[in-house]
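I have placed the structure first, in the form of structure tokens, so that the comments after it can refer back to it.
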Amino acid sequence: MRTRKFAAALSIYSMLLSQVPFDGLRELATNLAPEISVAHAQTEQFTFTTEWEIRKFINTFPQYTHIPDDGSGQEGAARFDDVTAAKVCELKGFPTVASKSAGSYTSCGDNTIGYFDAALNNFVVIPACNSNVFIEQLTCQRTISTQCSDGMDNDNDGATDTADFSCSSTTDTDETNPKSQCQDGIDNDGDGVIDFGNGPNNDPGCGSLQDNDEGPANFRKPVGYLDAGITNCDMIRGWTCDADNFNQALQTHIYDGPAGGQNLLGIVTADKPRESQVGIHCGGNSTHGYEFPTPASLKDGQPHQLYAYGINIGPGTDNSLLTGSPVTITCAAPGADLRISKTGPSSVPRTALATYTVTVTNDGPGVATNVKVEDSVPAGIFFNPGVGDCTLQGNTIVCTQSSLNPGQSKSFTISFTVPGTYTCNTTVVNRASVTATSPDPNASNNQSQTVSTTVTCPSTPQCQDGIDNDGDGAVDFPGDFSCGDPGDDDEGNPKSQCQDGIDNDADGVIDFGSGPNNDPGCGSLQDNDEGPANFRKPVGYLDAGITNCDMIRGWTCDADNFNQALQAHIYDGPAGGQNLLGTTTANKPRESQVGVQCGGNSNHGYEFPTPASLKDGQPHQLYAYGINIGPGTDNTVLTGSPVTITCSAPGADLRISKTGQSTVARGAIVSYTLVAKNDGPSTATNVTIADVIPAGLIFTNAGSSGNCVQNGNSVLCNSITLASGQSATVTIAFTVSSTFTCGGTINNQASVSASTTDPNASNNQSGVVQTIVTCTQCADGVDNDNDGAVDFPNDFSCSSALDNDETNPKAACQDGVDNDGDGLTDFPQDPGCVSLQDNNEFNSVQCNDGIDNDSDGAIDFPADFSCSSATDTDETNPKTACQDGVDNDGDGLTDFPQDPGCVSLQDNNEFNTVQCNDGIDNDGDGVSDFPADF
């Protein structure tokens, strides 16, 4: 049986203890006792390898029902279930089930199964045929404490766990080494005294046993931490003190990056209470914490490496970089919560303007940049560019604002023309949205409410109904003098001079007609000049309905001679000054109703091309004047003047080019130059250069132009205005990821846009720039110098990922030099070296530190048996047969000096014989040994 075999093995193990060299003991123990293993640094496992081991173990507890063994005819096993497995592990003292495997009986009739019933607190045995699956193997696990997490002062130096200098972390299993300078037994500063204490031979430079600076008072460096765990986007925290004066609060300097340049974030005094373990390092005074509010400059969505320095209070200038530095934090830029509202008319008549007001408010807390309002043009109506400062891009109206401060608002006016053909009593539905390049923490209010406007259709006005409502022989506008425009609903007033019943020229006769009392100065009822022939003024119109950004149109004639074509003068504003746009002859055919006004001659129309000076996106009021052909100088302002037109400025043709590096090292910065140019003819406003960030690259503020910011997965360079022919150049920089594939290609392309209309979109994207990523020796994943370490930061010779020499400089433990003068060179020959990357040959381990660490009278290798080599870190174990507390030779006496077989504590053989215990009559006096021989 396995149990008896194991017991016999343990007996053999005991007998061989004094005969097997120590180097073979651990291997022998592992082979003979495989059930117990250490899973990792802080757990231990025990494995039952067969079902009968589990059964036998359960049956050692008399309080529980016995599970039949193999000699009973009803051999049993523990049932395969979680409760039973957990109970077995609990009884073993390993309370966690790490794993279990199942087995089953081929014939269940002569077997039994035992399971644990928690309610009964007992094992219950049932026939195997009722439950035929048992636990074949079971691994149980328990957590064990390391020396640096067990709450004990294992090396009796007054410090426990991580407060002990020797503990690098809670998983460190050795609270004894490495020792601080103030307890290592070495005169580290060459002043003739050593270590912490009150004796004459102790070093006054030591503030405690945990002090790692034996230097003289007022020359010791500050110690402390920048705490990664509690440093965040609200507060930067840590602690620092100086052994030169533990009661003085130090200044701490916080940097964005290593000290130097312009990257100092601020200075804070370390005078806040911290946990008691800080006091262990600071002479019992734990009031050495510092807290520094995380500055706004770090809240930009980019990673920042924080460095903290404790400022020396002595005459020394060594301001220590505090442990834990650097700590990397990435803090989101403060958002700008934009909200938008929209108001407008509930109804609007057909042919009128529907005008809406859109208001954007920044509720903060950050500044909103590159604010853009968008409003889709509802079907069937037309954007009116003459109102407000928004522009039409495709079918969307765009209104922009470069920035909005917290609490600030901006209103935009958007106007539409409702055509005369729009369906009556239907609804125009309209809403707007807002975006910005700055983050918005609340997108729920980025769309306005929907505004509904009903289009109404009033009855047809008299001046466009086709009826001679006043019976004067003229119908509608412009045939009837009384009609000011087609929307005029009174065809009877005002009356012209030639039908108003008034003797306007005081010649004793009135109005048009053929009677003796009618005025011969009237050419028709629509004639508005009762004066005598050759003294009448011109008449005519500036037509609002057919005057636009292509052509200015109207008609004019003079009753003094209806067959003569008049000159029409066109002005930008009332006549006068320098605002004459031009002169044109009114000789073009018009509708027959013009002939009614002009003695039957309708060839009095004029057309004047709208000049470029009016095409600037601004409203202009046009005035037209008919020039008198008689002796009078009254040049009539034509009816309908002024007509207001707003003509969009001609577009701006933007183009963009991009250049960059052909190669870049992995981990390095790659820069691109982007040039946007306006080929005109107009000025381009709110120009934005956009660059989508390629995969594997990180936007770098430091090397980029100041107006370029990251927005999502793109870089945007904003707030650019380009006059015709003008260019703008920006630089965008990225850091190449340290994991980018060696030899891989970066493909990068940029685009340009503006709020000004661009007549040629084909050149709004640059060509694709391709950059090959190369890998230096310190970033290529290859052990180029065959020293067992690959790349930065693992290989000492690598100063950064951009270093192309993994060979030099070499660490002290692989440079071929005996740096500590101990006659041993490099790893593994020099015990001070823990690896080839170790740059300090002076490190000491227990078996080479000159200290009797286990107080057994022997120091270091080879004098102390427990030291297997000069690099052995444990001078305590394994112990020799003469100090292990075991009676190895069965003579009733144990260890040195009690057992006469032991010559010293380092003797590994208790079987040594002396004359008084060797069974020989060494002096030939007839008696042998003690107590017979006197």
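The values are calculated or read from the model by the stated rules, or taken from the named source; none is laboratory data. Here the structure is a predicted model, which is why all the values come from computation and not from measurement. Reconstructed Cβ throughout: ideal geometry from the backbone, glycine too, with neighbour counts over all protein chains shown.
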**Request:** Go through the stretch 280-311 and give me each residue that's over 27 Å from Thr160 (Cα atoms) and polar (S, T, N, Q).
**Result:** Thr294, Ser297, Gln302, Gln305
**Residues being under 17 Å from Pro127 (Cα atoms) and surrounded by fewer than 19 Cβ atoms within 10 Å (Cβ to Cβ) - total across the stretch 69-101** = 8
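Within the stretch 371-379, identify whether any single residue is under 26 Å from the mean Cα position of the chain (by Cα) and either closer than 30 Å to Phe292 by Cα or in the same structural domain as Ser755 (by TED's automatic domain parsing) (or both), and answer yes or no. Please lay out each step first, then the result.
First, pick out the residues of the stretch 371-379 that are under 26 Å from the mean Cα position of the chain (by Cα): 371-372.
From what's left, either closer than 30 Å to Phe292 by Cα or in the same structural domain as Ser755 (by TED's automatic domain parsing) (or both): none.
No, the conditions are met nowhere in the stretch 371-379.
Here is a yes/no grid of residues against (1) among the charged types (D, E, K, R); (2) within 19 Å of Ala159 (Cβ to Cβ):
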| site | (1), (2) |
| --- | --- |
| Asp203 | yes, yes |
| Leu209 | no, yes |
| Arg220 | yes, yes |
| Thr231 | no, no |
| Asp234 | yes, no |
| Asn247 | no, no |
| Ile267 | no, no |
**Request:** Select from the stretch 889-921 the residues that are at pLDDT below 85, part of a loop (DSSP other than H, G, I, E, B) and polar (S, T, N, Q) and write down the one among them that is farthest from Ile859 (Cα to Cα).
**Result:** Thr913
**Asked** Which condition does Cys331 not pass, out of (1) in contact with a helix residue (DSSP H, G or I) (Cβ under 7 Å, 6 or more places away or on another chain); (2) within 20 Å of Thr162 (Cα to Cα), if it passes all the others?
**Response** (2)
**Complete:** Being surrounded by 19 or more Cβ atoms within 10 Å (Cβ to Cβ) and closer than 23 Å to Glu175 by Cα narrows Cys902, Cys833, Cys798 down to just Cys833
**Item:** Where Ala163 falls short, out of the listed (1) surrounded by 20 or more Cβ atoms within 10 Å (Cβ to Cβ); (2) closer than 24 Å to Gly215 by Cα; (3) in contact (Cβ under 8 Å) with a residue 60 or more places away in the chain
**Value:** (1)
**Asked** So Val790 clears everything in (1) of a type in the set (Val, Ile, Thr); (2) in contact with a strand residue (DSSP E or B) (Cβ under 7 Å, 6 or more places away or on another chain); (3) surrounded by 15 or more Cβ atoms within 10 Å (Cβ to Cβ) except one condition, right? Which one?
**Response** (2)
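Quick one: would you say Thr355 is of a type in the set (Val, Ile, Thr), surrounded by fewer than 18 Cβ atoms within 10 Å (Cβ to Cβ) and more than 25 Å from Thr400 (Cα to Cα)? Working first, answer last.
On the way: of a type in the set (Val, Ile, Thr): yes; surrounded by fewer than 18 Cβ atoms within 10 Å (Cβ to Cβ): yes; more than 25 Å from Thr400 (Cα to Cα): no.
The answer is no for Thr355.
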**Prompt:** Out of all the residues in the stretch 724-751, which are over 25 Å from the mean Cα position of the chain (by Cα) and either within 23 Å of Arg655 (Cα to Cα) or outside the structural domain of Gly680 (by TED's automatic domain parsing) (or both)?
**Reply:** Ser724, Gly725, Gln726, Ser727, Ala728, Thr729
**Complete:** Wholly inside the stretch 53-134, strands (runs of 3 or more DSSP E) that include 1 or more residues that are within 30 Å of Thr43 (Cβ to Cβ) and basic (Lys, Arg) are 96-104
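Where in the stretch 208-309 are there strands (runs of 3 or more DSSP E), lying wholly inside it, with at least 3 residues that are farther than 30 Å from Asp191 by Cβ and not assigned by TED's automatic domain parsing to the domain that holds Asn711? Let's see the steps before the verdict.
Working: elements: 222-226, 235-242, 251-256, 264-269, 289-293.
Filter on the stretch 208-309 gives 235-242, 251-256, 264-269, 289-293.
Can you say whether Pro345 is farther than 30 Å from Gln251 by Cβ and in contact (Cβ under 8 Å) with a residue 40 or more places away in the chain, as far as the supplied structure shows?
Numbers: farther than 30 Å from Gln251 by Cβ: yes; in contact (Cβ under 8 Å) with a residue 40 or more places away in the chain: yes.
Here the answer is yes, as Pro345 does meet what is asked.
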**Asked** Only one residue in Tyr115, Tyr105 is of a type in the set (Ser, Thr, Tyr), at pLDDT 85 or above and crowded, with 18+ Cβ neighbours inside 10 Å. Which one?
**Response** Tyr115
